[in-house]
Structures are given as structure tokens and as C-alpha cells.
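Down below is the structure, laid out as C-alpha cells.
The values are calculated or read from the model by the stated rules, or taken from the named source; none is laboratory data. Values in this document were obtained by computation on a predicted structure and should not be read as measured data. Neighbour counts run over all protein chains shown; Cβ positions are idealised from the backbone, glycine included.
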Amino acid sequence: MSEEKEMSFLDHLEELRWHIVRSFSAIFIVAFFVFIYIKVIFDEVLLAHLKPDFLTYQFFCKAFSFIGIDSSFCNIEFKQTLQVLNPTQQLMTAIWSSLILGFVISFPYVLWEMWRFISPGLNKNERKRSRGFIFYASLLFFLGILFSYYVIIPMSVYFFYNFSIGEAIQNNFKLEAYIGLVTNTLIGVALFFELPIIIYFLSKIGLITPQFLKTYRKHALVLVLILSAIITPPDIASQIIVSVPIMFLYEVSIHISNFVIKKQLKNVEKSPRVQ
């Protein structure tokens, strides 16, 4: 039986290069098809939060009406016109939005390419225990996308369109700024939701322990509030809505780290001692 050839550092770099090339190729291919239908995607997805009948606004309207509170969510009026001040801006915004959505849709495949590069360095048991990595990482990512799309972005759009510091000031938003708000929030919140996966691997290599996470829980809360303030409107309600699920994921991450550490200690105790 021939022994598996050990790869040199340059061989690893070459292998990594091809994984990156395939990942970017997938993103560009998906982005190309997104670009073909970009008008429909803009009208029905990216600009959907400017429609008064958007699902989130209707939900808040019915929820507040159910408890007997008058809400402005029931009579929302947005100025749906977005300004473009550069002749090439619409084209560049369409291309950039296509690439962002290409990355979002291709995310499971990108993870798979990453896994193909990492998995040869793991032993058989580690590969078996990490078999659900792509599924769970993708699930958390798309949960973050849904949470940001149906909760954070509508609240952000509602806040900024209704915020004013004077009657003489009129809100006229640029297309580039609006789409930047939507796409940055989508990606930012989705990456936040990857916290349990990150903690899992950091615990596996010994950089994070459950005790460390418990000790710095208050510091993590402050950091989450600061980051929430960056990606949400500057009001307490929005920051809390973002912070609650992230801190829930933080608590889940503590249990995940604890599970990993206990599993490692159990394997050490079972391993035969060298005489």
C-alpha cells in the first residue's frame, strides 16, 4: 500500500489557491444570474422595505392594534424615490448588489470549499464529529439573513425615514447609501450568527474555554451593544432587539465550549497511557 504523499508548504498554498478560485467562481456565476434579474430583485427584495405593506410593518401594526395601542406602523408613508447623482451609479450598485447576493446564495458552497481544504488535516474521528459543520454554519448564516431582513432592516428604514431634526430638512437618500445599509446589515448580522461555530473551533484548538466565556460575559454584552449600535439605528429598542439573539447565541456558545472541553478530557482519560 503506497503511503500518502506529504504536501509541502507551497503545495498547500497551491491547493488553497484553487479552493479560493472555485469559491470566487461560484460567487461570480451566481452573481451573473442575479444580475440578469436585478430589476425584479431590486423591486421585490432590496427595495421591499419601502413598501407600506411589507410583512414586518403589517405585523407590528396588527400587534399594537391587538393590545389597543395606536401605531404609526399602520399608516407608513415612504418617499420611495432614491437619488442617483452619478451616471454610472445605478450600474455599479447593480453589480455590487449582485456580488453581495452571489456571496449570500453561494455561502454553503464556499464553506464546503473551505472544509475540503481543512479536513485533510483532521483525523478520522475529528472529521466524523465535524460532519455537520456546513449544515449548521449555513443554517446560522441564513437565520441571520432572515433576522436582519425581516427585523433589523425594516426598523432601520423606518427610523431613518422618519427621523428629522428640523422642519426645513428633507430626507432625500441616495441609492448607494440605501443599498449599502441593506447589504451591510444583511452580511453583518449573518456573520454575528456564526458565533457558536467560531466558539466551537476556538474551543477545539484550546484558545477559548467555558470559564473564559463566563468570566467575560459582561464585557461581551458591552461589546455586543457597541456593535449593535453600529449596524442598527441609534435607539435603545433596536440595539436591544439585535443584542438579545446574539447574547442568546453567546450563552449557547458557552454550552458548546463546555461540551467540547468535556469531550476532549474524556478522550484523554480513555486514551492508553504510555509506559
- Failed condition for Val45, given (1) part of a helix (DSSP H, G or I); (2) more than 18 Å from Ile152 (Cβ to Cβ); (3) of a type outside the set (S, T, N, Q): (2)
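Return the residue satisfying two criteria in turn: it lies in the range 130-182 and is part of a helix (DSSP H, G or I) and of a type in the set (S, T, N, Q), and of such residues it is surrounded by the most Cβ atoms within 10 Å (Cβ to Cβ).
So the residue we want is Ser148.
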- Residue by residue through the range 199-236, note down the ones that are polar (S, T, N, Q), assigned to a helix (DSSP H, G or I) and at pLDDT 80 or above. Ser203, Gln211, Thr215
- All positions within the range 197-225 that are of a type in the set (D, E, K, R) and either in contact (Cβ under 8 Å) with a residue 60 or more places away in the chain or farther than 12 Å from Ser253 by Cα (or both): Lys204, Lys218
- Is at least one residue of the range 58-72 modelled with pLDDT of 90 or more and more than 23 Å from Phe141 (Cβ to Cβ)? no
- Message: Given the condition outside any helix (DSSP H, G or I) and either farther than 28 Å from Ile241 by Cα or in contact with a Pro (Cβ under 6 Å, 6 or more places away or on another chain) (or both), answer yes or no: does some residue in the range 113-128 qualify?
- Response: yes
- Are any of the residues in the range 53-69 crowded, with 17+ Cβ neighbours inside 10 Å, over 26 Å from Lys174 (Cβ atoms), hydrophobic (A, V, I, L, M, F, W, C) and without any contact (Cβ under 8 Å) to a residue 24 or more places away in the chain? yes
- State which residue pairs qualify: first residue under 18 Å from Val45 (Cβ atoms) and inside the range 168-184, second residue surrounded by 11 or more Cβ atoms within 10 Å (Cβ to Cβ) and among the small types (Gly, Ala, Ser) in any location, beta carbons under 6 Å apart, and separation of 6 or more residues or different chains. Ile179/Ser97
